[in-house]
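Encoded as structure tokens, the structure appears first; notes follow it.
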Amino acid sequence: MSKETLDLMLGLNRQELEIQIALQCAPLLTGRKISNLLTVDKRFRSAVLRLFRSSAVSCYVLYESDDRITFLLYVRKKLEAYLRTEKVKKLMEEFGCSGCILSKILYRVSERYRAHMEGKGDFPHEIGLLLGYPPEDVIGFENRGQNPLYIGYWKVYSNLEECRKVFAGYDQAREKVIHMVSSGMTVKNIMELYDLHSRKLMAV
């Protein structure tokens with residue numbers, strides 16, 4: 001991150017919901033990623049759902065504690081297409097989601113994630129597939145979680161150079177979004193710029 005971008009970020013009010021969304025979800029907002037996790041104060045629950053209601057970005061509540069809430073934000077058509085790819089589909093079946101439609105997968109993952117967060121179960125590694133991670137890296141993390149080739153937006157166990165390129169793209173997206181919100185653009189403005197403002201646009 002450049003010094004100019006860092007200075008802009010430090011000047012942002014990170015208590016504001018739109019700033020939190022921009023900082024946590026820049027790769028998704030700029031179309032570089034099919035999904036993102038968003039964790040915010042529970043009081044923002046309705047505001048998040050309202051913000052994305054008519055957009056191409058869908059919201060699913062993965063976990064809700066007494067004071068925080070974690071959403072999976074995703075572009076439905078793109079996520080469904082990714083889950084249908086051969087390697088991803090096979091791995092998801094190994095996680096017990098054979099033939100499941102997206103709504104059932106989300107419900108199953110949220111149940112397992114809730115159990116994990118409450119100390120009643122293992123971490124649901126299939127969440128990595130919902131976030132668009134390469135299946136090889138999901139397998140690597142599930143099997144050992146140690147000695148990765150690289151640690152970026154996830155732990156990398158294969159295709160290092162390709163992952164580095166992806167991470168660089170995510171970093172660029174974050175810098176762009178920081179400049180946009182610093183200049184007064186809203187999350188809705190950014191989604192309009194990257195054609196995520198209308199659910200209908202993603203349905204064709």
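The values are calculated or read from the model by the stated rules, or taken from the named source; none is laboratory data. Everything quoted here is computed from the prediction, not taken from an experiment. Here Cβ is always computed from backbone atoms with ideal geometry, including for glycine, and neighbour counts include all displayed protein chains. The area values use the complete protein model at the heavy-atom level, side chains included, leaving out ligands, DNA and RNA. Shrake-Rupley method; radii C 1.70, N 1.55, O 1.52, S 1.80 Å.
Of G152, G128, G169, which has the largest mean-square fluctuation in a 10 Å C-alpha GNM of the chain?
Greatest mean-square fluctuation among the candidates belongs to G152.
Apply the Debye scattering formula to region 56-204, with a single equal point scatterer on each alpha-carbon and no solvent, then give log10 I(q)/I(0) at q = 0.10, 0.11, 0.15 Å⁻¹.
-0.43, -0.52, -0.98
Heavy-atom accessible area per residue, the chain, 1.4 Å probe: how many Å²? Please report the intermediate quantities before stating the final value.
Values: 11030 Å² over 204 residues.
For the chain, the solvent-accessible area averages 54 Å² per residue.
How tilted is helix 102-117 with respect to the longest principal axis of the chain? Cα atoms for both, answer in degrees (0 to 90, nearest 10).
That works out to roughly 90 degrees.
Do any cysteines of the chain lack a neighbour Cys whose Cβ is under 4.7 Å away, and which are they?
If one checks each Cβ against the other cysteines of the chain, C25, C59, C163 turn up with nothing under 4.7 Å.
Run the reach check for K104 against aspartates and glutamates, Cα to Cα strictly under 16 Å, same-chain hits fewer than 8 apart removed. What comes back?
Result set, ordered by chain and number: E80, E93, E94, E126.
Step through the table entries K3/K165; K78/K120; K42/K78; K90/K188; K165/K188; K90/K155, compare each Cα-Cα distance with 24 Å, and write down the pairs that go over it.
K78/K120; K42/K78; K90/K188; K165/K188
Rank N147, N189, N36 by mean-square fluctuation in a GNM of the chain with C-alpha springs under 10 angstrom and give only the top-ranked residue.
N147
If I stretch the segment between E94 and N159 completely, what's the gain in nm (0.36 nm per residue apart, minus their alpha carbon distance), one decimal?
Here the answer is 21.2 nm.
For the chain, modelled as a GNM with alpha-carbon contacts under 10 angstrom, which of C97, C59, C25 fluctuates the most?
C97
Using the Karplus curve 6.51 cos²θ - 1.76 cosθ + 1.60 with θ = phi - 60°, work out ³J(HN,Hα) for each residue of region 57-69 in order, rounded to whole Hz, and write x for Gly and Pro.
9, 9, 10, 9, 7, 7, 7, 9, 9, 5, 10, 10, 9
Spelling out what I want: for every residue of region 86-95, take phi, set θ = phi - 60°, compute 6.51 cos²θ - 1.76 cosθ + 1.60 (Karplus), and round to whole Hz; glycine and proline get x.
4, 5, 5, 4, 4, 5, 4, 5, 5, 7
If I compute solvent accessible area with a 1.4 Å probe over the protein chains, what percent of it on region 110-166 is carbon and sulfur?
Values: 1560 of 3230 Å².
Answer for region 110-166: carbon and sulfur cover 48 percent of the accessible area.
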